[in-house]
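For reference, the structure discussed in these notes is given below.
The values are calculated or read from the model by the stated rules, or taken from the named source; none is laboratory data. On a predicted model such as this, the values are computed, not experimentally measured, just so you know. For neighbour counting, all protein chains shown are included, and Cβ atoms are generated from backbone atoms with ideal geometry for every residue, glycine included.
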Amino acid sequence: MGFLDKIFRPLTRSEPWGVHPDERKRPASETPIRRLPPPPLLYLPLSQHVGAAAEPIVRIGQKVLKGECVATAKGNISAPVHAPTSGEIVAIGPITAPHPSRLEMMAITLRSDMEDRWAPLEGLADPLARAPEELARRVAEAGIVGLGGATFPASVKLGLGHRSRIRTLILNGSECEPYLSCDDRLMRERAGGVIRGAVLMRHATGAREVRIGIEDNKPEAIAAMRAAVDGHADVQVCVVPARYPMGSDRQLIIELTGIEVPAESRAADVGVLVHNVGTAFAIHQAIDLGRPLVSRLMTLNGEALAQPGNYEVLVGTLVEDLLAFAGGVRGEPARLVMGGPMMGLLLPSAKVPVVKGCSGILALSATEVARDEPGPCIRCGSCTRACPVGLLPLEMNARIANAALDAAVALGLHDCIGCGCCAWVCPSRIPLVQAFNHAKGELAAHERDKKRTDATRRMAEARSERLEREAREKAEAAARRAAERKAQKAREAAESAASNSEGAPA
Amino acid sequence: MSPVPTSADDGALPALPTLAASPHAHGGMSVAQVMQRVMLALAPATLFGFWLFGWPAINLFAVTIGACLLAERFCERLMGRTSSLGDGSALLTGWLLALSLPPWAPAWIGLLGGFIAIVVGKQVFGGLGQNLFNPAMVARVALLVSFPVVMTQWVVPQPLFSADAPGFIDSLRITAEAPAHPDAVTSASLLGHSKTELARGITIPEALASGPQTLFDWTGLRTGSLGETGTLLVLAGGLYLLASGIIRWHIPAAVLAGIALPALVGHAADPARYLSATQHLLSGAALLGAFFIATDYVTSPNTPAGQLIFGFGIGILTWIIRSWGGYPEGMAFAVLLMNALTPVIDRYCRPRILGRRRDGRALEPTPIDNTGGA
Ligand code: SF4
Ligand code: SF4
């Protein structure tokens, strides 16, 4: 293919990946951030991050202040949880998870005392003179996770940066998902804090430069950030074209540095780290003010919503309370979605809490989600052109429909980032992402099963080996004893013979 | 009641769809919209064909499409599938088939062709999206091979409302006639005429000079199938499809290049034996095929590289069949041949996956240059 490739490359250089979905960011993006007062009850899931669940350190009935730690991190990859307001712990137990599966998850329930009193906090003085490890520790203690939705513990990523040499720290302000504008508002209203966070992160990772990628559909945010960046030579605001999924790590890295992260590698392996702008702001708050992550900015949007806008919400607030504060929903929303419309999760109900990784709640009306029944694939190739990874969604889907999961993997199923571009463009409305997620789930389950049977087999083998060894040792010991006895007897015989001869009268 | 919300408390909430995966929004056109655009693009050339060949052509068009719709409905009934007539694909198949038929072909040709296209060309494969070959071309080739005389009778243009044009009533007689209408004034097409004359040992320039003047005409006033004569209108429709993003440039450009390049070489080498590139491109079904037939989604490759190979193959094969084959026009055969190769082409022309080399292995990480810096 090499030769043909050379001839064809200039002709077939594919058109830009991705799609241009209807933005629908207005009017929510034009309303300033509003702060939601503490709701009467808050539900704090112990697992709001990638990694091990946090461990509760409070008792039922205990009074806590805002910002006090209620559950500590457990293991290397984990994050603590803090009380988002002052009040009393009233329950520790399972609640419905904000996930379409309706699974239950452990959570701490806090009854707010409506005073919203902060625990005594202390920022880190002169952080830029401190060791990077100290900053990372502070970030870990503050329970900060990737706020773009990945929810990977931020401190682990900072530490990663310090261990593997990082050249470029990228702040992701692209916010490519339609409907969402909380990062946009953050950059417009709190640009200084974001830049301060960027400077702290640069110090913590040892990166040489910081590049902040913002899509060209947010001119106000670009202007605000440019103004705030003034004076930091090593921090640069870069305008990237608005295109979905520009905010995906690998795509943004290519756009900003020209580096293509190899498959099966991390960005850090090529000297790049990507963090969300919201994470940068949270890091500034944690280090300069000592404030743990207890609230976040969220976009409330969708046609079914009375007052779309951006809100600063305490982690643990019920979606129901949030919607009520935003004027409630008009009629029955056809769908409640946590996150953006392209990759967000369908919520099982409004009685689920806001978690750290939640960038928005969409109450979509029936017309917004209206879709035709799926039809047969007409092989139009739109999905292939849209795929930012260069996959063949139609082929993968056909394999999965025939239960040939291995063939789908050979076509690159594991490289699929689940961005939804393919399903978004498909004229036959085939639920491609659903098929891919399903197949990935099946494969993961297989993998787990295999691990389990392997482990069982290994255990059984170890056991039979042990039994064998014990039997062998027993036999050997018996043989040894028998030999010893024999030797003893021979010795005794010889001795008695000797003594006999000795004792014999000469 | 415990203050803890669990799924047990959800009773009062409106039932939400649980299995609706992301994305929660959709864009782009639906299948029906895509088909409608293609029909819109075909409309000018078709109307021109109606005008040029009069009522018999209109009758044939209606019969062919009707046959396709009937056949589609019939098959779906038989196999217990839900009706898909709404997506417009059967209608489009009938439309394309009608455009490729001799304009005054009798009704039974349209009927038979429509059934072959839908039943043999599409439904036996499993319906929309499953067929290997272009249904309209399957029907056209089947008819051409089975009924070579009827399928090569090209009527001289008799525009609607002109003195000689048959009226509606007369047209019914022509359409119903079997096997062919004896009193129609027929004439050879450019490709056919040059082929027969060559076979008789007459060179192309002489053949063109002696032939009827309806052989070749920029404005489309020439003999030919129902939809191919309005060359410029076909081209305009094709450009509209390109502009609206329904098709990409790769296939049409490659088809036309595949015809034009060998034609240039051949004509330069032996003008007495080979038609010029212009004559090739502007006669027969070259443009209709390049823009509307070869670009059929289902039966063409879906990567740019694959589409270039596919299109070029069609072009070359068309030229070869036209120049050396037994039939004066080769587009339909060429399309079917390349359709058969599409799965192979698709297998070898896969896009490169991000972060991987073409052979699927992960890229080598680029060394980190941490020395310079901002
Ligand atoms: S976009 Fe849909 S219809 Fe088109 S090729 Fe992909 S899966 Fe098939
Ligand atoms: S195949 Fe995966 S990566 Fe490609 S467009 Fe679809 S969801 Fe996105």
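Checking each residue in the stretch A:247-262 for being surrounded by fewer than 23 Cβ atoms within 10 Å (Cβ to Cβ), in contact with a strand residue (DSSP E or B) (Cβ under 6 Å, 6 or more places away or on another chain) and either touching a residue at least 40 places away in the same chain (Cβ under 8 Å) or within 19 Å of A:H20 (Cβ to Cβ) (or both) picks out A:D249, A:E255, A:L256, A:T257.
Rundown of residues vs (1) surrounded by fewer than 22 Cβ atoms within 10 Å (Cβ to Cβ); (2) away from ligand 2 (no atom under 15 Å from the Cβ), yes/no style:
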residue: A:Y311; (1), (2): no, yes
residue: A:V315; (1), (2): no, yes
residue: A:D321; (1), (2): no, yes
residue: A:V355; (1), (2): no, yes
residue: A:S359; (1), (2): no, yes
residue: A:T367; (1), (2): yes, yes
residue: A:R385; (1), (2): no, no
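Checked against the criterion of being more than 7 Å from chain B (Cβ to nearest Cβ), surrounded by fewer than 21 Cβ atoms within 10 Å (Cβ to Cβ), farther than 19 Å from B:H26 by Cβ and near ligand 1 (Cβ under 9 Å from one of its atoms), the candidates A:A398, A:A403 yield just one match: A:A398. Among the residues that make up the stretch A:341-349, is at least one of them over 21 Å from A:A263 (Cβ atoms), modelled with pLDDT of 90 or more and of a type in the set (G, A, S)? The answer is yes; a qualifying residue exists.
For residues that are in a loop (DSSP other than H, G, I, E, B) and modelled with pLDDT of 85 or more, tally how many sit in the stretch A:99-109. Adding up the residues that qualify gives 0.
For the stretch A:341-392, give me the residue count where each residue is acidic (D, E) and away from ligand 1 (no atom under 16 Å from the Cβ). Going through the stretch A:341-392 one residue at a time, the tally reaches 1. The C-beta contact set for the stretch A:365-386 (first residue in a helix (DSSP H, G or I), second residue among the polar types (S, T, N, Q) and within 15 Å of ligand 2 (Cβ to nearest atom), distance under 6 angstrom, 6+ apart or interchain) comprises A:T384/B:N302.
Note on the stretch A:340-382: residues that are farther than 30 Å from B:V298 by Cα and more than 8 Å from chain B (Cβ to nearest Cβ) total 14.
It is to be established whether one or more residues within the stretch A:199-208 are small (G, A, S) and not in a helix (DSSP H, G or I). Yes, the stretch A:199-208 has at least one match. Scanning the stretch A:159-197 for residues that are part of a helix (DSSP H, G or I) and farther than 27 Å from A:M338 by Cα turns up A:G159, A:L160, A:G161, A:H162, A:R163, A:G192, A:I195, A:R196. Does A:S86 qualify as being crowded, with 16+ Cβ neighbours inside 10 Å, at negative phi and without any contact (Cβ under 8 Å) to a residue 40 or more places away in the chain? So A:S86 passes the test. Search the stretch A:420-445 for residues being assigned to a loop (DSSP other than H, G, I, E, B) and crowded, with 23+ Cβ neighbours inside 10 Å, and hand back the single one that is nearest to ligand 2 (Cβ to nearest atom). Of everything passing the filter in the stretch A:420-445, A:G420 is nearest to ligand 2 (Cβ to nearest atom). Scanning the stretch A:314-339 for residues that are among the aliphatic types (A, V, I, L, M), more than 7 Å from every other protein chain (Cβ to nearest Cβ) and free of Cβ contacts under 8 Å to residues at least 40 places away in the same chain gives A:A324, A:A326, A:V329, A:A334.
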